[in-house]
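Heads up, the thing below is written out as structure tokens.
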Amino acid sequence: MPDDKYSLTSELTDYIHGISYDAIPADVVVRAKEAVIDGIGVTLSGYSADCTTLIRKYIGGLGLDGKCTVMGQGNGLPAEYAALANGVGSHALDFDDTQISLLPDRVYGLLTHPTTPVLSAAIPVAEEVGASGRDLLAAFCCGVEVACKVAEAIKPYHYQNGFHSTGTIGIFGAAAAAAKLYGMDKEGIRHALGIAASKSAGIRVAFGTMTKPYHAGAAAQGGIVAAQLARMGYKTDPEALDGPWGFFQVAGSGVDPEAIRGKLGNPYSFVDPGVSIKPYPCGSLSHPSMDALLDLILEHDVQSQDVAGVRLGTTSNVLAALRYPEPQNELEAKFSIPFCLGILVLERHGGIEQFTDETVLRPDVREMMSKVTPYLHEGLEALGFQRIRSLVEVTLKDGTVLSQEASSSRGTPERPMTREELAAKFQDCSQWLLSDAAQKKVLESIYGLDGLDSVSQLTSLLKG
């Protein structure tokens, strides 16, 4: 029977307060280091994006100074503003990792981007307080676990009704990481979570615009501000996540408390069901189809001039999110089935250099996009949304039809990236800001993060 006195706010508070590096399983630490590599890489990749440039321009106009690193530039900022800049940059290209859910009433791969808001908050706070690498790893694991379990627990209404959980739920992970690094007591942590609940924001109408990356940056910044205010004695309702007016009910029309009760760190979401590292800088719902198409192209040596058309049968959740049939810029292209598939036919690659405004508007790209036809596959729809399912069919001009079903992609827990593949992605992301030697040092520092006396030993390598 449910316990009327049970409090999700208290459960989260107790976990955040009690977690320590020594209590985190070794396989979780390994996975966390991989996420840090990927998180820093995608932050550097988004440094020159228009949305990131404008955010830095906005912050620059405030005349601020601090000791926290904005990745890619030399001058420091106060922690919350470094978190804002880095958070926007890390989500700018939509290349950051995604949380996995296996529950049949959730959309697989669409709970939240866990690393982006948490790491963007944790690194500057770690710099501010002079934390060690072990301290950073503990706070990062804590924040990701909080964000993932909250995302798992809130009813599907939250995402389905239009909230962007990277913003709305990422703020709790950011607040948890910041509170842990600040060494806050239980009362302070409780109020930090409550303040974060009132600051939670982000709606899916922003997908395909600059404001989607802003959700991630604002979540990182907001989590730090929530922790800082609570640390100073700022108060809110001590059960802000619970009850009829609490976060779960207001934002989600309810919650499954058993997704959190006794589940924090048991097991860690980092390893079960896992977190996916993206192989392409676009919406994750396109990735299984892109990998399947690329496999067909390479296996059969398909040349673009021989392709008469590409059909993609998939489910309604995929079609709804990937909503731009004729994208006009790279932001819209990230959520466009015709572009994501068409560019692979043309160039056999879908990396950072393909997702540009210039590429999207190229005549040959526009022509190839017109040959891609998405449709609702009723058989796959009937199987549910706990997988990203699709059927890719390539029709050649000689009448040959090549087809392949898809339900997973590289970077998922079933097909994890190798250490070499992860390094290759990091190098692709950071090549414009870091030399080859600097890239190697960064990777070595992250794999040895638990041996660093100060996080600044890592961040000093990230100034570009």
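The values are calculated or read from the model by the stated rules, or taken from the named source; none is laboratory data. Owing to the predicted nature of the structure, the values given are computational and were not obtained by experimental measurement. Don't worry about glycine lacking a Cβ; one is built from the backbone with ideal geometry, like all the others, and counts go over all protein chains shown.
The table below lists the values:
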item: Any hit, segment 344-360, residues being modelled with pLDDT of 95 or more, part of a helix (DSSP H, G or I) and either aromatic (Phe, Trp, Tyr) or in contact with a Leu (Cβ under 7 Å, 6 or more places away or on another chain) (or both); result: yes
item: Every residue from segment 96-126 that is at pLDDT 95 or above, among the hydrophobic types (A, V, I, L, M, F, W, C) and closer than 18 Å to Gly274 by Cα; result: Val118, Leu119
item: Residue selected from segment 335-358 under the condition among the aromatic types (Phe, Trp, Tyr) and more than 17 Å from Ser48 (Cα to Cα), by the criterion surrounded by the fewest Cβ atoms within 10 Å (Cβ to Cβ); result: Phe335
item: Qualifying residue in segment 158-166 (condition: in a loop (DSSP other than H, G, I, E, B) and surrounded by fewer than 24 Cβ atoms within 10 Å (Cβ to Cβ)); result: yes
item: Answer residue from segment 36-67, given it is surrounded by 23 or more Cβ atoms within 10 Å (Cβ to Cβ) and either hydroxyl-bearing (Ser, Thr, Tyr) or over 21 Å from Ser435 (Cβ atoms) (or both) and is nearest to the chain's Cα centre (by Cα) among those; result: Thr43
item: Selection from segment 291-337 of residues that are of a type in the set (Val, Ile, Thr) and in a helix (DSSP H, G or I); result: Ile297, Val318, Ile337
item: Residues (part of a loop (DSSP other than H, G, I, E, B) and touching a Lys or Arg at 6+ places or on another chain (Cβ under 7 Å)) located in segment 232-254; result: Pro238, Ser253, Gly254
item: Subset of segment 359-384 that is among the basic types (Lys, Arg) and under 14 Å from Glu330 (Cα atoms) - its residue that is surrounded by the fewest Cβ atoms within 10 Å (Cβ to Cβ); result: Arg362
item: Hey, Ala151 of a type in the set (A, V, I, L, M, F, W, C) and in a helix (DSSP H, G or I) or not; result: yes
item: Total residues in segment 428-459, condition of a type in the set (S, T, N, Q), in contact (Cβ under 8 Å) with a residue 40 or more places away in the chain and loosely packed, with under 14 Cβ neighbours inside 10 Å; result: 0
